[in-house]
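Shown next, in C-alpha cells, is the structure this report addresses.
The values are calculated or read from the model by the stated rules, or taken from the named source; none is laboratory data. These figures come from a predicted structure and were not determined experimentally. Quick reminder, even Gly has a Cβ in these numbers, built from the backbone with ideal geometry, and neighbours come from all protein chains shown. Note: areas computed on protein heavy atoms with side chains; ligands, DNA, RNA excluded. Shrake-Rupley method; radii C 1.70, N 1.55, O 1.52, S 1.80 Å.
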Amino acid sequence: WIINSMKNFGEVISTPNIITENKGRFKDKPAILVAAGPSLNDEIENIRNIKENGLAYVFSVGSSINTLIHNDIYPDAACTYDPTVNNQKVFVKVKELGIRDIPMIFGSSVGYETLVNYPGDKYHMITSQDTVSNYYLKTDEGDRIDIVMDAPSIAVVTMQLLYILGFNPIILVGQNLAYRGKQRHSEGVFYSKEVTDAEIEKGIWVKSVNGDEILTNDGFNRMRLQMEYYIRELSGFKVINTTKGGAHIEGTTFIEMEDVVRQFLTGKVVDDNWLSINKISYNKEYMQTQAQKMDSAFKAAKKLIQEIYRILDIIEGMIRNVNFNEAEKAYGRLDRNFAKLEKNDFMKIFVLPMNRANYKILANSIDSMNEEKNPVIKGRRIVNSFKGFIELCSKDIEAIEPIYEEINYKINS
C-alpha cells in the first residue's frame, strides 16, 4: 500500500481527482457496475444495447474489462484499485491493443505497475490506505479531500465512488460472489482458472438470488458482507442486482436485466463528454510546504533511530554488568525517544504503516515487559524487542529513500 502510494504520487498530482470535480454531479443518473462473475456472459447483449444507446453509465470493475473488450464493448470507465503486483494483468490486453478510448479510474494505492504505459486517460480517487496523498494534498480551495474506504473488492470501492458522484440506481451485473459450476469468472478473463475439486470441497453454502443455496468461498463471502455493510451505511440510493444465479446481497433488489431496461432505462442519459471538464486542482504551495516539513522529519527520524540504537547498546552493557538502577534510567530515555519517533511525520506517513503488524505487537508487549520482575529477563526482552523493530524500520527507510526522493522531485518539478 505505502510503496504503491509513493510510486503513484506522480500520477496522482498529474491526473484529475474524479471526486473533487464531480461530487454529486450525476444525481439520479443510472450506473451499471459490471463485475467479472460468470453471469456477465448472459448480459453481454443487454450491456451492448445500454452502451450503444447511452441508457446508463457503464463502469467495469477489475477483470470484467477483459470480458467487455472480448465482446467489443468499451465501458465509460474502467475502475481498479487492487494493490497487488498481479493487478497489472487485468490491463495487459488494453495495453497490447493500444486502446485509448477507455478512461481508467484508479485508487491511489493501486499496484503501481498497473498505471505504467496505460494508453487511455487516467483519473484517480484517494484511498483510505494512502497516507502519502492525505499528507501532501489539499484542494486549491483548501478543502479536505474526499476518500474512498479500502475494501476486499473493487466493486465495493466503486460502489462508494458512484454513491459520492450521485449515481442512482446502481445496477449490479456479473456480481456472482459465488461459483457457477466450475466457473469463477466470465469469458475473456484469460488468466482465470477453473474452480478445483478441493475448492468445491472447502466451499461455503450461502443463499442465492432465487432463495436456494449456492456454493462460494471465504473471499467472495467477505466481499458480499462488505458490500452489504456499505449498502446499509450509504443511505438514500437504490441498488438493483441483475446477477442471475449469484449470491443474494442484502439491501439489493433482484430484477432481471431485461426488466431493468424496461422499467428504469427508458432513454439516453449519458453525456458523451462526461469527463471533459475535469482539471487538476491540488494546491501547489501547500504541497511544497508539506514537502519541506517532511524533509525535516526525514532527517530527524534518522537521528532518532541512531539515538535509540545507542540507548539500546547502553542498556545491553548495563544488564551485562548487573547495573540495574542505571538500566532503569535508560529505559526512561528509550521511552522518550521512541515517543518522539512515533510522532515523527516521516515515520507516521511512510514507515510505521509499512510495519503496522510488528508495531502493534511491540506496543502490546510494552506493559508486560515493564511488569517483568526479573531485571535480566526484563532488560533482554526490551533490547531484543526494540532492536528488532528498529532494524525493520531502518531497512525500510533505506529501501524507500530513492522513492521518497522521486516524490520530492515530482513536487519540485
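Our coupling estimate for the stretch 180-189, obtained by passing each phi through the Karplus curve with A = 6.51, B = -1.76, C = 1.60 and θ = phi - 60°, is 10, x, 9, 8, 10, 10, 6, 5, x, 7 Hz, Gly and Pro reported as x. Beta bridges per DSSP, both residues in the chain: antiparallel share near 20 percent.
Starting with the highest mean, order 328-339, 26-37, 192-203 by the number of other Cβ atoms within 10 Å, averaged over the residues of each peptide. Mind showing how you got there, number by number?
On the way: 328-339: 14.8, 26-37: 23.1, 192-203: 12.2.
Highest-to-lowest ranking by the protection proxy: 26-37, 328-339, 192-203.
Taken as Cα centroids, the stretch 107-130 and the stretch 385-413 sit 21 Å apart, rounded to the nearest whole angstrom. At full extension, Asn210 and His70 could sit 47.5 nm farther apart than now, given 0.36 nm per residue minus the alpha carbon distance. With Cα atoms defining each centre, the stretch 328-345 and the stretch 1-49 are spaced 44 Å apart in the structure. Report, in degrees rounded to the nearest 10, the 0 to 90 angle that the Cα long axis of helix 324-343 makes with the longest principal axis of the chain. The helix 324-343 is inclined about 30 degrees to the chain. Across the options Val116, Asn41, Pro169, the greatest Cα extent toward the positive end of the charge dipole of the chain (unit charges at beta carbon of Lys, Arg, Asp, Glu) belongs to Val116.
Label-to-label distance, Lys193 versus Asp140, with points set 7 angstrom from Cα along the beta-carbon direction: 5.0 nm. In terms of its alpha-carbon gyration tensor, the stretch 41-116 comes out prolate; a/c meets the 1.5 threshold, and the first ratio a/b outweighs b/c.
Per-residue extension of 0.36 nm, minus the Cα-Cα distance of Glu250 and Ala399, leaves a gain of 49.2 nm for this segment.
If you wrap the Cα atoms of the stretch 334-404 in a convex hull and average its projected area over all directions, you get 4.7 nm². Ligands, DNA and RNA aside, His70 has an accessible area near 110 Å² when probed at 1.4 Å.
In this Cβ point-charge picture (+1 for Lys and Arg, -1 for Asp and Glu), the chain has a dipole of about 1160 debye about its Cα centre. Of the Cα atoms belonging to the stretch 195-308, the radius of gyration and Dmax stand at 24.7, 70 Å.
Projecting label points 7 angstrom from Cα along Cα→Cβ for Glu391 and Asp101 puts them 5.7 nm apart.
The overall shape of the stretch 299-374, judged from the alpha-carbon gyration tensor, is oblate: a/c is not under 1.5, and a/b is no greater than b/c.
At the residue level, Ser385 shows approximately 40 square angstrom of accessible surface with a 1.4 angstrom probe and all protein chains present.
Between Ala363 and Ser14, the modelled label-to-label distance comes to 3.6 nm, taking each label 7 Å out from Cα in the direction of the beta carbon.
With a ≥ b ≥ c the root eigenvalues of the C-alpha gyration tensor of the stretch 1-59, is it rounded (a/c under 1.5), prolate (a/b larger than b/c) or oblate? Mind showing how you got there, number by number?
Details: a/c = 3.22, a/b = 1.64, b/c = 1.97.
Oblate is the answer for the stretch 1-59, as a/c is 1.5 or above yet b/c matches or exceeds a/b.
Using R0 = 45 Å, the C-beta based FRET efficiency linking Asn321 and Met149 works out to 0.30. Between the beta carbons of Ser128 and Tyr286, assuming R0 = 25 Å, the FRET efficiency works out to 0.75 to the nearest 0.05. Net length available on complete extension from Lys23 to Tyr229 is 72.0 nm, with 0.36 nm assigned per residue and the Cα-Cα distance removed.
In this model, which of Lys303/Lys410; Lys284/Lys410; Lys299/Lys410; Lys7/Lys303; Lys89/Lys182 are farther than 18 Å apart at the alpha-carbon?
Lys303/Lys410; Lys299/Lys410; Lys7/Lys303; Lys89/Lys182
Backbone amide hydrogens, once placed in the peptide plane, bring Gly62 within less than 5 Å of Cys79, excluding anything fewer than 5 places away on its chain. When Rg and the Kirkwood Rh are both derived from Cα coordinates, the Rg/Rh ratio for the stretch 14-166 amounts to 0.95. In a solvent-free Debye calculation with one equal scatterer on each Cα, what is log10 I(q)/I(0) for the chain at q = 0.07, 0.10, 0.14 Å⁻¹, listed in the order of the q values? One equal scatterer on each Cα of the chain leads to -0.43, -0.77, -1.18. Beyond 32 Å in Cα-Cα separation lie the following of the pairs Lys23/Lys95; Lys29/Lys95; Lys348/Lys378; Lys95/Lys207; Lys302/Lys360: Lys95/Lys207. How many percent of all Cα-Cα pairs in the stretch 124-251 sit more than 22 Å apart? Cα-Cα pairs in the stretch 124-251 separated by more than 22 Å: 46 percent. Which of Asn217, Gly181, Ile231 sits farthest toward the positive end of the charge dipole of the stretch 173-236, with +1 on the Cβ of Lys and Arg and -1 on the Cβ of Asp and Glu? The Cα lying farthest towards the positive end belongs to Ile231.
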